[in-house]
Amino acid sequence: MDPAWRQRGRGRGQGRGQITANPSTARPPGAVGSEVRGAMSSQSRFEEIRKTDQAAAQRLATETHSSSSEDEDDVSEDGGKRGQILQSALSPYSSHTGDADIRLLEKTRHYLHEVCQSGGVTCLICIASVRRTQAVWSCVACYCIFHITCIQKWAKDSIFLVSSVTDEDFGKKDHPWPCPKCRYEYSPHQTPTRYYCYCGKEAEPAPDPWLLPHSCGQVCEREFKPSCGHRCLLLCHPGPCPPCPKMVSVSCLCGKSSRVPRRCSAKAWSCAQICRRTLPCRIHTCANTCHAGDCAPCPRVSLQMCACDRQRTERPCASPEWHCDQVCGRPLSCGNHTCERVCHTGVCGECPRAGNRSCSCGKTKSVLPCTVDVPTCGDTCGKKLDCGLHTCSMRCHRGACETCRQEVEKTCRCGRYSKLLPCHKEYLCESKCNKTRACSRHQCKRKCCPGSCPPCDMSCTRMLGCRNHKCPSVCHQGSCYPCPEMVEVRCDCGSTVISVPCGREKSTRPPRCKQLCRKPALCHHSSQEQHRCHSGPCPLCKQPCQRPLAGCVHLCPAPCHDQVLVKVTDRALLAGPWEQPSTPAFVRTALPCPSCMEPIPTACLGEHEVSPVPCHTRGPFSCGRSCGRTLACGNHSCSLECHHVTAVPNSDKTKASQECEQCEEGCLKPRPVGCTHPCALPCHHGNCPPCRLMVRQRCHCKISSLYIECVKFTSVDEQGKQLLSSCQNQCPKQLGCGHRCKLLCHPDECDQSCSQRVKLKCPCKRIKKEFPCSRVRSEMDLVVCDETCRELQKKHAEVTHTYTCWISGSMMSVVVMRAAR
């Protein structure tokens, strides 16, 4: 009987689902729900859900695919860091064998490449990538790599499951556990406890960026399989060792040729000569070329006699012995009977009826001639019947005993009911077993089950970890075995293929392909730009559009715009973060060709310049300058912006045309010096007419206003202007002496030489004389006192003194009189 793990397989759902929390701390779901509903408000639940969604989105955005690596150092296989690591690992082998036999390393190179490529190795138990920093274990039969923690749990669960199903004394026997991939069996003491390198020399190998992941860097030195006495020369590596590269001297398979040096892994060689060894038929010789081992059976046909020598027929020479279907029929030694055996070799033997013979029940023995049958003894038969409980009650008889017909009280198989029945009949009740079978999923439902329910015969049909296939095993407990299927992941064109475990194809990026992309162009071009094979949409076409533009003969020079990402502006607003947008944010659409920008030399409307103009705006244009053509007045030019001008044959192109503006300016010719009035005529040819306007002019003395014709005032010299500006009245200004200027209204300052007669007196004011004012101001002491004036002054002084004294005496007497009173 196969072990239980072979019958039931292993599943993922139940083995892991059997881990339960501590019963003392477990609570019914309703109680937990009510507590949560009472403790959290709707807003807090919304915030929690939002944070969970954001965290999931962040993990999804930062999740690395198996083909892209977090520690991948190079993208090329033959160059860079990865190429150097592979070359260093294979160098001992290639240096010993040379490059001619490097093809022997293809299988080993495949394992090395998978280990070097981050994400290339997948643990079939947890369906996750194996990283270079994680502890691993590899199977010795299939070389599949697993996380050491995963394989330890796998071994423990496998042994527990087998013990719980097949071992009456649970845990007393050592049951093997199988490899999840190849089912190679390991004993319990072979369960890995430490992390070793591939060759097993070093425990807990430290990760080295310049060595293979999980390698110790030493020479492997494992024995080759099949064993040849030599050891592996590669550095510590995953997968099987390559063929032995040693040279040995060996002869050919048939041993006829002399020894030649050959590679140990291919030391069996054929000399291509005919074998010619005698075949087992002893008639023919081997016609095959040099081969190993025994010669093949003779392929020829010959006439051969059967074992009894009665028939002859053509048969393969390789099987000379054969038997016909006739009874031998030769007389036996008794002389009374013949041999009843079918065609045979050798003697027929003694007569089977000779010697001591027993009766049918075996109780009586007698010696009788072979021609006489042994009679029955007449005693009770007494043989055990088929029921095993009763004996045959008939007299000694020939042939088989009859069926036991004694009635006994029989208990049904499940032990619930009992009934009187003939002994040979089995009593089965109609009750169905309600026990759960060993799978813990289905009920037994067998009628009258004795209690030892048979193993579940239904299919497991649980979804495997790959999410692509269902478990094909019989219904079982525990985890299902990993999906054994390998899925091919192809590049977009299908030229490059890699095999990954089933379930990893969705997270594995397509392999890098060196072929050119074969997708048809999505734009109007017949072929797209050459680029490598890739997944997803092709990059935007950057070739020039080259479509004929509308309205001209030029081709569109812009980059191809048939597939342009355009943001969608009319998207419906989302009600909240839980809603998913129904339309993409950007869509690919074809944009119209831009306007033709090819420069076309074009003259402006006023023919001022010839400039390159974009083709889509070609035609007469305004250069933006002023027209500049001379107007009819001959003094001004057209100030309109460059405009269309009707060409007149044999005309001056500098003269204004009918489209130019009419001069509406006043006369701007320079006026005569001193004239501040504009010309009364509009802009005109020739000199302006004399200005007849009256000019109000203040006289020199600033008292009177004079009105003079402008032409008279501006046509005279400076002296005439001074004369015209005089009011002919006496100047009202005062001289410095205080007298009025005697001159008529004049410009500039007045003459200070005053001729006014001024009277002067002597100091005593007795003598009076008249002098000119200018002399008085310039000379001093023009009138002085004479002797007469002096005498009069002396007399006056004396009189004054006498009067003063009298006044003083009178004042004193008044004081005395007042004092006396």
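Please go through the stretch 139-184 and pick out each residue that is under 17 Å from Pro484 (Cα atoms) and either modelled with pLDDT under 75 or in a loop (DSSP other than H, G, I, E, B) (or both). Hits for the stretch 139-184 are Cys139, Ala141, Cys142, Tyr143, Cys144, Cys179, Pro180, Lys181, Cys182, Arg183, Tyr184. Contact annotation: residue pairs with Cβ atoms under 7 Å, 6 or more positions apart or on different chains, pairing a residue in the stretch 734-763 that is in contact (Cβ under 8 Å) with a residue 24 or more places away in the chain with a partner that is open to solvent by less than 60 Å² (accessible area, probe 1.4 Å) and among the small types (Gly, Ala, Ser), are Cys745/Ser726; His746/Ser726.
Determine whether the stretch 440-449 contains at least one residue that is small (Gly, Ala, Ser), touching a residue at least 12 places away in the same chain (Cβ under 8 Å) and under 30 Å from Arg416 (Cβ atoms). Full working, then the answer.
So in the stretch 440-449, the residues small (Gly, Ala, Ser) come out as 440.
Checking the rest, the ones that are also touching a residue at least 12 places away in the same chain (Cβ under 8 Å) come to 440.
With the extra rule that they be under 30 Å from Arg416 (Cβ atoms), the set shrinks to 440.
Among the residues of the stretch 440-449, at least one is small (Gly, Ala, Ser), touching a residue at least 12 places away in the same chain (Cβ under 8 Å) and under 30 Å from Arg416 (Cβ atoms), which makes the answer yes.
For Ala438, the conditions (1) closer than 30 Å to Gly478 by Cβ; (2) part of a strand (DSSP E or B); (3) small (Gly, Ala, Ser) are fulfilled apart from (2).
Could you please find all residues in the stretch 750-759 being out of contact with any Asp or Glu (no Cβ under 6 Å at 6 or more places or on another chain) and loosely packed, with under 14 Cβ neighbours inside 10 Å? If you could, list the steps in order and put the result at the bottom.
Narrowing the stretch 750-759 to residues out of contact with any Asp or Glu (no Cβ under 6 Å at 6 or more places or on another chain): 750-756, 758.
Answer for the stretch 750-759, where residues must be out of contact with any Asp or Glu (no Cβ under 6 Å at 6 or more places or on another chain) and loosely packed, with under 14 Cβ neighbours inside 10 Å: Gln752, Ser753, Ser755.
Give the stretch 474-505 a look and list any residue that's more than 14 Å from Pro180 (Cα to Cα), part of a loop (DSSP other than H, G, I, E, B) and not hydrophobic (A, V, I, L, M, F, W, C), or say none. Result: His476, Gln477, Asp492, Gly494, Ser495, Thr496, Gly503, Arg504, Glu505.
Checking the condition open to solvent by 100 Å² or more (accessible area, probe 1.4 Å), of a type outside the set (S, T, N, Q) and in contact (Cβ under 8 Å) with a residue 24 or more places away in the chain, which residue from Lys669, Lys655 passes?
On the way: Lys669 fails: open to solvent by 100 Å² or more (accessible area, probe 1.4 Å).
Only one candidate passes the filter, namely Lys655.
Scanning for something assigned to a loop (DSSP other than H, G, I, E, B), over 20 Å from Ala141 (Cβ atoms) and open to solvent by 50 Å² or more (accessible area, probe 1.4 Å), does the stretch 241-248 turn up at least one residue? For the stretch 241-248, residues assigned to a loop (DSSP other than H, G, I, E, B), over 20 Å from Ala141 (Cβ atoms) and open to solvent by 50 Å² or more (accessible area, probe 1.4 Å): present. If I filter the stretch 270-287 down to residues being over 21 Å from Glu321 (Cβ atoms) and not hydroxyl-bearing (Ser, Thr, Tyr), which single residue comes out as most open to solvent (accessible area, probe 1.4 Å)? Across the stretch 270-287, the extreme among qualifying residues is Arg276. Within the stretch 554-564, is even one residue in contact (Cβ under 8 Å) with a residue 12 or more places away in the chain, within 25 Å of the chain's Cα centre (by Cα), within 26 Å of Asp492 (Cβ to Cβ) and open to solvent by 70 Å² or more (accessible area, probe 1.4 Å)? No - not one qualifying residue is present in the stretch 554-564. Does any residue of the stretch 394-415 turn out to be out of contact with any Asp or Glu (no Cβ under 7 Å at 6 or more places or on another chain), in a loop (DSSP other than H, G, I, E, B), open to solvent by less than 40 Å² (accessible area, probe 1.4 Å) and not hydrophobic (A, V, I, L, M, F, W, C)? Yes: the stretch 394-415 contains one or more residues that are out of contact with any Asp or Glu (no Cβ under 7 Å at 6 or more places or on another chain), in a loop (DSSP other than H, G, I, E, B), open to solvent by less than 40 Å² (accessible area, probe 1.4 Å) and not hydrophobic (A, V, I, L, M, F, W, C). Residue selection: Thr800 fails the criterion of being touching a residue at least 24 places away in the same chain (Cβ under 8 Å), out of contact with any Asp or Glu (no Cβ under 9 Å at 6 or more places or on another chain) and β-branched (Val, Ile, Thr).
Report yes if Cys232 is at pLDDT 90 or above, within 30 Å of Met486 (Cα to Cα), crowded, with 19+ Cβ neighbours inside 10 Å and not aromatic (Phe, Trp, Tyr), otherwise no. Against the criterion (at pLDDT 90 or above, within 30 Å of Met486 (Cα to Cα), crowded, with 19+ Cβ neighbours inside 10 Å and not aromatic (Phe, Trp, Tyr)), Cys232 does not qualify.
So which residues in the stretch 341-373 are closer than 27 Å to Asp309 by Cα and open to solvent by 90 Å² or more (accessible area, probe 1.4 Å)? Of everything in the stretch 341-373, those that are closer than 27 Å to Asp309 by Cα and open to solvent by 90 Å² or more (accessible area, probe 1.4 Å) turn out to be Arg341, Thr345, Val347, Glu350, Pro352. With respect to Arg692, determine if the residue is charged (D, E, K, R), within 30 Å of Gly634 (Cβ to Cβ) and open to solvent by 70 Å² or more (accessible area, probe 1.4 Å). Answer is yes for this residue. Among the residues of the stretch 680-696, not a single one is under 60 Å from the mean Cα position of the chain (by Cα) and on the phi > 0 side of the Ramachandran plot. If you scan the stretch 205-227, which residues turn out to be touching a helix residue (DSSP H, G or I) at 6+ places or on another chain (Cβ under 8 Å) and open to solvent by 40 Å² or more (accessible area, probe 1.4 Å)? Listed by number, the residues that qualify are Pro209, Trp210, Leu211, Val219. Among the residues of the stretch 189-201, none qualifies, meaning not one is more than 40 Å from the chain's Cα centre (by Cα), open to solvent by less than 70 Å² (accessible area, probe 1.4 Å) and of a type outside the set (Asp, Glu). Against the numbered list (1) more than 23 Å from the chain's Cα centre (by Cα); (2) more than 30 Å from Asp562 (Cβ to Cβ); (3) among the hydroxyl-bearing types (Ser, Thr, Tyr), Ser527 comes up short only at (2).
If I ask for residues that are over 22 Å from Thr371 (Cβ atoms) and of a type in the set (A, V, I, L, M), which ones from the stretch 297-351 would you list? Hits for the stretch 297-351 are Val301, Leu303, Met305, Ala307, Ala318, Val342. Go through the residues of the stretch 459-466 one by one and say whether even a single one is surrounded by fewer than 17 Cβ atoms within 10 Å (Cβ to Cβ) and among the small types (Gly, Ala, Ser). Within the stretch 459-466, one or more residues are surrounded by fewer than 17 Cβ atoms within 10 Å (Cβ to Cβ) and among the small types (Gly, Ala, Ser).
Going by the structure shown, is Lys383 of a type in the set (D, E, K, R), open to solvent by 90 Å² or more (accessible area, probe 1.4 Å) and more than 30 Å from Pro297 (Cα to Cα)?
Working: of a type in the set (D, E, K, R): yes; open to solvent by 90 Å² or more (accessible area, probe 1.4 Å): no; more than 30 Å from Pro297 (Cα to Cα): yes.
No: the conditions fail for Lys383.
Quick check on the stretch 610-621: of everything there that is modelled with pLDDT of 85 or more and not hydrophobic (A, V, I, L, M, F, W, C), which residue is farthest from Ser595 (Cα to Cα)?
Of the stretch 610-621, the ones modelled with pLDDT of 85 or more are 610-616.
Now narrow it down to the ones that are not hydrophobic (A, V, I, L, M, F, W, C): 611-612, 614, 616.
Numbers: Ser611: 18, Pro612: 15, Pro614: 9, His616: 6 Å.
Ranking the candidates gives Ser611 first.
In contact (Cβ under 8 Å) with a residue 12 or more places away in the chain, open to solvent by less than 50 Å² (accessible area, probe 1.4 Å) and more than 30 Å from Arg740 (Cβ to Cβ): does that describe Cys701?
Values: in contact (Cβ under 8 Å) with a residue 12 or more places away in the chain: yes; open to solvent by less than 50 Å² (accessible area, probe 1.4 Å): yes; more than 30 Å from Arg740 (Cβ to Cβ): no.
The answer is no for Cys701.
Out of the stretch 636-652, which residues are farther than 10 Å from Gly606 by Cα and open to solvent by 80 Å² or more (accessible area, probe 1.4 Å)? Ala647, Val648, Pro649, Asn650, Asp652 - these are the residues of the stretch 636-652 that are farther than 10 Å from Gly606 by Cα and open to solvent by 80 Å² or more (accessible area, probe 1.4 Å).
Yes/no matrix, rows are residues, columns are (1) free of Cβ contacts under 8 Å to residues at least 12 places away in the same chain; (2) assigned to a loop (DSSP other than H, G, I, E, B):
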position: His291; (1), (2): no, yes
position: Arg310; (1), (2): no, yes
position: Glu314; (1), (2): no, no
position: Ala318; (1), (2): no, yes
position: Asn336; (1), (2): no, yes
position: Thr345; (1), (2): no, yes
position: Cys361; (1), (2): no, yes
position: Ser366; (1), (2): yes, no
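The values are calculated or read from the model by the stated rules, or taken from the named source; none is laboratory data. Remember, predicted model here, so these are calculated numbers, not experimental data. Note that we place each Cβ from the backbone using ideal geometry, even for glycine, and neighbour counts take in every protein chain shown. In case anyone asks, the SASA skips ligands and DNA or RNA and just uses the protein heavy atoms, side chains included. Shrake-Rupley method; radii C 1.70, N 1.55, O 1.52, S 1.80 Å.
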